[in-house]
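Below: the structure, in C-alpha cells.
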Amino acid sequence: MSTTSLTQSPAWKALQDHHREISGMHLRDLFAADPRRGEEFTAEADGLFLDYSKNRVTAETMRLLFALAEERGLRGRIDAMFRGDKINITEGRAVLHVALRAPKGASIVVDGKDVVPEVHEVLDKMAAFADRVRSGAWLGHTGEKIRNVINIGIGGSDLGPVMAYEALKFYSDRSIRFQFVSNVDSDDFAEATRGLDPAETLFIISSKTFTTLETMTNAHSAREWVLAGLGGDEAAIAKHFVAVSTNAEKVSEFGIDTANMFGFWDWVGGRYSMDSAIGLSTMVAIGPDNFREMLAGFHDMDEHFRTAPAEKNLPVIMGLLSVWYDDFFGAQTVAVLPYEQYLKRFPAYLQQLTMESNGKSITLDGHHVDYNTGAVYWGEPGTNGQHSFYQLIHQGTRLIPCDFIGFGRTLNPLGRHHDILMANVFAQAEALAFGKTAEQVRAEGTPEALVPHRVFEGNRPSNVLLAEVIDPRTLGRLVALYEHIVFTQGAVWNINSFDQWGVELGKVLAQRIIPELESKEAPDLKHDSSTNALITRYRKLRVGG
Ligand code: F6P
C-alpha cells in the first residue's frame with residue numbers, strides 16, 4: 001500500500017488533470033467518437049452483465065482509475081481480507097463475511113483456528129431447525145403449528161433479513177407469515193402482532209450483541225405478549241423464542257435455551273451478516289436448499305472479486321466509478337434503481353451497507369481526510385421513482401449517478417408488463433445520457449418560451465446491471481457485488497469500512513435522556529437550552545396524552 005496521502009499521490013493527481021480535460025465532454029460526443037462504446041465499456045461475471053458505457057469516462061479514465069486502485073494497494077487489501085487479517089483495526093477484528101459462504105472443505109484461519117467448519121455446523125443446525133418449522137414438526141407450547149415467524153432485530157439484524165425475504169418471497173413458504181419488527185416505536189410491534197395468535201407465533205430475536213436497546217425492548221414486549229396469550233406459563237418461552245447472537249450469556253439471561261441459539265462470530269459485521277445465522281428467518285422462508293443457493297451466489301461474486309483482473313472486475317469497476325464521481329465531480333449521492341418489485345427493500349438495505357461502512361472522515365492512520373468519502377445511497381424500485389424524483393435527476397442542478405438493475409425475465413409473467421418495465425430501464429438510461437437539445441425541442445414545434453424548460457442537458461451517468469431473473473443465487477451475487485464495491489471504495493479512501501463509532505454517541509445520550517422523560521419529578525436538566533426545552537415540552541405533551 002502507498003504511504004503517500006491520497007490527494008498527493010501520482011495517480012490522484014493524474015486523475016485531477018484528466019478530469020480537467022474531459023469533464024466538459026458530453027456522452028453524446030463520446031458515443032459518436034466510438035461506435036463500439038456500448039459493447040466495449042461492459043463487463044460480465046456470474047450472470048451479471050454490467051454496461052458502464054454511459055459513464056463520463058474514456059478508456060484513459062478507466063486506465064487511470066485502475067492505476068489508482070493499484071497504487072492504493074487494493075489487491076493486497078483484498079488478499080488481507082480473504083486471509084482473515086484483522087483489517088478492522090479500530091476493533092481489532094478480522095472481516096470475514098466471505099467465510100460465511102466459503103464452501104465446505106475451504107479453510108480460513110483466524111487466531112489459529114479454521115472457521116469454515118464452524119460456519120457449516122451452524123448452517124446445518126439452522127437447516128434442521130428451518131426444516132422442523134416448515135414441516136410443522138416444531139410445535140408451539142400448546143401444540144399448534146407455527147404460522148407466524150417474527151424476526152426482531154435492527155440495522156444489520158433486520159435490513160438484510162427483511163430485504164432478502166422480500167427479494168425471495170416468490171420462493172417462500174406461503175403457509176407461514178413473516179414479519180420484521182425493528183423500530184423501538186411500539187407501533188411497529190403492535191402492527192406486526194395485530195390479530196396474530198401467540199400459540200402459532202415464533203419469535204427470532206436477532207442481535208449480534210443481544211444488548212441493543214431497540215431489540216431488547218421489543219424482545220421483552222414479545223415475551224410479555226406470548227406469556228399473556230398463553231396463560232403465563234414460562235415454559236412457553238422455549239417453544240416461541242429462538243435467538244441469533246454472538247452473546248450466549250445474554251441470550252440465556254433473557255430466558256432462551258442456548259440449545260435454541262444460533263451463533264456467529266465477532267468477525268461478521270452487522271451489515272455483512274444476512275448470510276450468517278442472522279439469515280435464519282430467510283432460511284425458514286425459502287428453505288435450506290435455496291439459502292445455500294444464495295450463499296453459493298455470494299461465493300461466486302467473492303471469487304470473482306478475489307481473482308478477476310481489475311479491468312474485468314465488476315465491484316472494482318463500479319467502486320472506482322463511484323470514487324470518480326464523488327471525488328472529481330463532487331457528486332454526493334448514488335441512486336440505486338431496481339426495476340424489480342421484489343427488490344423493493346434493496347435500496348434501504350444498501351443504505352446501511354454503504355453509509356455505515358464508508359461514512360467516515362478519518363483515515364486508517366488517524367488523519368482527517370481532505371477528499372469526499374461515502375456517498376449517500378438511496379433509491380426506489382422502478383418505475384415508481386420515475387413519477388416522483390427522476391425529474392431532479394434529469395433536469396436538476398445536481399449530478400446523480402444511477403445504478404439501474406433489470407432482469408431478462410419476470411417470475412410473474414403478465415401480458416406486456418415486463419417488456420414495458422424493461423423499456424423504461426433502457427429509456428431512462430438513454431434519456432439521462434443523451435438528453436434532448438434545444439434544436440430537437442424546437443424541431444418539435446415547441447414555442448420558443450418553453451424551449452429551455454423542455455431541454456434535457458443529458459450527460460448524466462448511469463450503470464445498467466442486467467441478470468436473467470431474481471433468484472437466490474442472483475441475490476447472493478448482487479449483494480456481494482455491493483459489499484465489494486464498498487470495500488473497493490474504502491480501500492481507495494484509506495478508511496475503515498468495518499467499524500461504526502458514529503452510532504455510539506446518540507445511543508449514550510438517549511440512555512441519559514430516558515430517565516429524564518420517565519421520572520415523576522421534574523428532572524434537573526443539564527443539556528443545552530434547546531434539548532432542555534424539548535424535553536420539558538415532551539413531558540407536558542406526554543401527560544396530556
Ligand atoms: O447501528 C449500529 C449497529 O451496531 C449496527 O451496526 C448493527 O447492525 C445494529 O446496530 C444491530 O446490532 P445488534 O445485532 O448487536 O443488535
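Below are the figures for this structure:
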| quantity | calculated |
| --- | --- |
| Criterion (over 26 Å from the mean Cα position of the chain (by Cα), open to solvent by 60 Å² or more (accessible area, probe 1.4 Å) and within 16 Å of the ligand (Cβ to nearest atom)) met by exactly one of Glu224, Glu249 | Glu249 |
| Selection status of Arg271, within 22 Å of Leu123 (Cβ to Cβ), touching a helix residue (DSSP H, G or I) at 6+ places or on another chain (Cβ under 6 Å), within 16 Å of the ligand (Cβ to nearest atom) and among the basic types (Lys, Arg) | yes |
| Tally of residues being of a type in the set (S, T, N, Q) and in contact with a Leu (Cβ under 8 Å, 6 or more places away or on another chain) across region 316-350 | 0 |
| Hits in region 197-221 (condition: open to solvent by less than 30 Å² (accessible area, probe 1.4 Å) and not small (Gly, Ala, Ser)) | Pro198, Thr201, Leu202, Phe203, Ile204, Ile205, Phe210, Thr215, Met216, Asn218 |
| Answer residue from region 181-194, given it is in contact with a strand residue (DSSP E or B) (Cβ under 9 Å, 6 or more places away or on another chain) and more than 16 Å from Phe241 (Cβ to Cβ) and is least open to solvent (accessible area, probe 1.4 Å) among those | Ser182 |
| Region 488-505 - residue that is within 12 Å of the ligand (Cβ to nearest atom) and among the aromatic types (Phe, Trp, Tyr) and, of those, surrounded by the most Cβ atoms within 10 Å (Cβ to Cβ) | Phe498 |
| Candidates Ala259, Ala243 - the one that is within 14 Å of the ligand (Cβ to nearest atom) and more than 20 Å from Leu196 (Cα to Cα) | Ala243 |
| The one condition in (1) surrounded by 24 or more Cβ atoms within 10 Å (Cβ to Cβ); (2) without any contact (Cβ under 8 Å) to a residue 12 or more places away in the chain that Val244 fails to fulfil | (2) |
| Residue match in region 313-333 (condition: in contact with a Pro (Cβ under 9 Å, 6 or more places away or on another chain), open to solvent by 10 Å² or more (accessible area, probe 1.4 Å) and outside any helix (DSSP H, G or I)) | yes |
| Leading residue by the ranking (nearest to Arg134 (Cα to Cα)) among those in region 175-199 that are without any contact (Cβ under 8 Å) to a residue 24 or more places away in the chain and charged (D, E, K, R) | Arg194 |
| Which listed residue is closer than 27 Å to Val455 by Cβ, at pLDDT 95 or above and under 20 Å from the mean Cα position of the chain (by Cα), from Phe389, Phe404 | Phe404 |
| Test: residue in region 154-170 that is away from the ligand (no atom under 16 Å from the Cβ), of a type in the set (Phe, Trp, Tyr), closer than 19 Å to Gly297 by Cβ and open to solvent by less than 60 Å² (accessible area, probe 1.4 Å) | yes |
| Residue match in region 280-298 (condition: under 22 Å from the mean Cα position of the chain (by Cα), within 14 Å of the ligand (Cβ to nearest atom) and closer than 22 Å to Val181 by Cβ) | yes |
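Residues are listed down the side, and each one gets a yes or a no for (1) more than 17 Å from Arg28 (Cβ to Cβ); (2) in a loop (DSSP other than H, G, I, E, B); (3) polar (S, T, N, Q); (4) open to solvent by less than 40 Å² (accessible area, probe 1.4 Å):
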position	(1), (2), (3), (4)
Ile393	yes, no, no, yes
Leu411	yes, yes, no, yes
Asp419	yes, no, no, no
Ala427	no, no, no, no
Ala433	no, no, no, yes
Glu439	no, no, no, no
Val451	yes, no, no, yes
Thr474	yes, no, yes, yes
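The values are calculated or read from the model by the stated rules, or taken from the named source; none is laboratory data. Since we're looking at a predicted model, the values are computed, not measured. Note: ideal-geometry Cβ built from the backbone for every residue, glycine included; neighbour counts use all protein chains shown. Remember, those area values only see protein heavy atoms, side chains included, never the ligands or the DNA or RNA. Shrake-Rupley method; radii C 1.70, N 1.55, O 1.52, S 1.80 Å.
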